[in-house]
Amino acid sequence: MRSSVEAAVAEERGKNHHVLADRLQRALSAVTVTPPANVAPNGAQAGKDSIIEIIPRKRLEELILPLPVAQQVKQLIEEQHRADLLRAHGMQPRHRILLSGPPGNGKTSIAEAVAEALAVPFFTVRYDALVGSFLGETNTRLARLFDYARTVPCVLFFDEFDSIGKERGDSQETGEIKRVVSFLLMQIDRLPSYVVVVAATNHAELLDRAVWRRFELRLAMPSPSHEALAAFLDRQFEGWPQRAGTSADSLATKLGEISFAEALDFCQTVRRQHILSLANRELKDIVREQVELWTSRVTATPDASRPSEATSTSKQTKRSPKAPIRRRRGHVKTL
């Protein structure tokens with residue numbers, strides 16, 4: 001009942017029916033348990049310190065997403081837009097999304113696009129202002145954060161969710177972290193349906209098992225396919241003042257398996273160089289130059305302990321580990 005009344009209050013305020021909204025809010029407060037004495041009366045406003053409000057600008061139509069992901073996100077947006085019809089039939093719209101996958105492939109963009117489609121504020125959680133060093137401090141700040149989120153329809157975005165939603169069965173974690181995870185899950189359960197929670201993680205294997213059940217949509221965001229990357233590059237080409245001198249498909253092949261974020265970085269580097277040249281250089285020449293630099297960039301090795309060059313300009317001769325080497329007259333001969 002509480003969630004339904006809170007949804008009605010938010011809806012009436014959105015229609016500028018403030019008198020009715022105030023009456024509903026007072027009625028709800030009359031049956032609400034009085035908070036403990038050590039909780040400040042302005043706790044909801046104090047929760048604003050734990051978020052960064054961003055004006056959403058990305059649109060869902062601008063994103064290149066796997067078809068299942070795009071369809072399910074559109075369904076959630078439709079449910080939010082037609083929430084009155086669902087509530088009239090005793091149902092609530094879905095409002096909890098968990099996004100997992102490697103970095104740079106659109107998780108944050110999806111959260112922002114949902115906020116833009118719903119025309120609501122986009123709140124990104126600040127962990128530096130949320131996590132405290134004293135016993136119970138993080139839970140207190142979490143409570144204030146969620147109290148603030150309940151005051152208005154919004155999209156509440158938890159990036160790097162594994163940093164706060166860790167597996168409680170991990171023996172290396174402290175009891176305080178386990179209490180934080182339990183309290184976090186309880187707060188997520190209590191959120192009204194007009195607050196859309198989006199959590200993103202690059203390490204799904206680190207999440208607590210109970211986290212997955214809390215989210216109605218659990219979407220995987222894989223690295224882009226060759227076709228998706230080519231489509232993304234083609235969109236970037238459309239905003240360039242000159243031809244790139246190569247096709248998007250060919251450039252995608254040369255760049256290799258990269259994320260959308262890396263592809264955007266490459267395109268922006270090309271544009272910067274073109275702008276700084278005061279149009280004295282052709283874009284196609286800059287693209288060719290940047291591709292050559294790209295192939296010699298430093299990337300992470302599989303063991304993630306040290307960097308290595310993505311490609312080598314010279315091929316190394318492979319030797320069998322068991323083959324002895326005989327030195328004769330200053331030459332090296334492999335047997």
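The values are calculated or read from the model by the stated rules, or taken from the named source; none is laboratory data. Note that the structure is predicted; figures quoted are calculated from it, not measured. Here the Cβ positions follow ideal geometry from the backbone for every residue, glycine too, while neighbour counts run over all protein chains shown.
Given the condition in contact with a Gly (Cβ under 8 Å, 6 or more places away or on another chain) and of a type outside the set (K, R), answer yes or no: does some residue in the range 223-239 qualify? Yes: one or more hits.
Yes/no matrix, rows are residues, columns are (1) of a type in the set (F, W, Y); (2) at pLDDT below 95; (3) not in a helix (DSSP H, G or I):
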residue: P222; (1), (2), (3): no, yes, yes
residue: F232; (1), (2), (3): yes, no, no
residue: P241; (1), (2), (3): no, yes, yes
residue: A244; (1), (2), (3): no, yes, yes
residue: L251; (1), (2), (3): no, no, no
residue: L264; (1), (2), (3): no, no, no
residue: T269; (1), (2), (3): no, no, no
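In the range 232-277, of all residues being hydroxyl-bearing (S, T, Y) and within 24 Å of the chain's Cα centre (by Cα), the one that is farthest from S109 (Cα to Cα) corresponds to T269.
Residues checked against (1) buried (at least 17 other Cβ atoms within 10 Å of the Cβ); (2) touching a residue at least 12 places away in the same chain (Cβ under 8 Å); (3) out of contact with any strand residue (DSSP E or B) (no Cβ under 7 Å at 6 or more places or on another chain); (4) over 27 Å from V73 (Cα atoms):
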| position | (1), (2), (3), (4) |
| --- | --- |
| A210 | no, yes, yes, no |
| R213 | no, no, yes, no |
| A220 | no, yes, no, no |
| S223 | no, yes, yes, no |
| F232 | yes, yes, yes, no |
| P241 | no, yes, yes, yes |
| G256 | no, yes, yes, yes |
| A263 | yes, yes, yes, no |
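Taking the condition aliphatic (A, V, I, L, M), assigned to a loop (DSSP other than H, G, I, E, B) and within 14 Å of A113 (Cα to Cα), does I64 pass? Against the criterion (aliphatic (A, V, I, L, M), assigned to a loop (DSSP other than H, G, I, E, B) and within 14 Å of A113 (Cα to Cα)), I64 qualifies. Looking across the range 230-270, the residues that are under 17 Å from P102 (Cα atoms) and either in the same structural domain as E61 (by TED's automatic domain parsing) or small (G, A, S) (or both) come down to G256, S259, A261, A263.
Of the residues L85, L76, which single one is part of a helix (DSSP H, G or I) and within 19 Å of A200 (Cβ to Cβ)?
On the way: L85 fails: within 19 Å of A200 (Cβ to Cβ).
Just a single option satisfies the conditions, and that option is L76.
Picking from residues in the range 73-91 that are of a type in the set (K, R) and at pLDDT 95 or above, the one that is nearest to R59 (Cα to Cα) is K74. The criterion of at least 1 residues that are in contact with a strand residue (DSSP E or B) (Cβ under 7 Å, 6 or more places away or on another chain), surrounded by 23 or more Cβ atoms within 10 Å (Cβ to Cβ) and modelled with pLDDT of 90 or more is met by the following helices (runs of 4 or more DSSP H) wholly inside the range 92-177: 107-118, 137-149.
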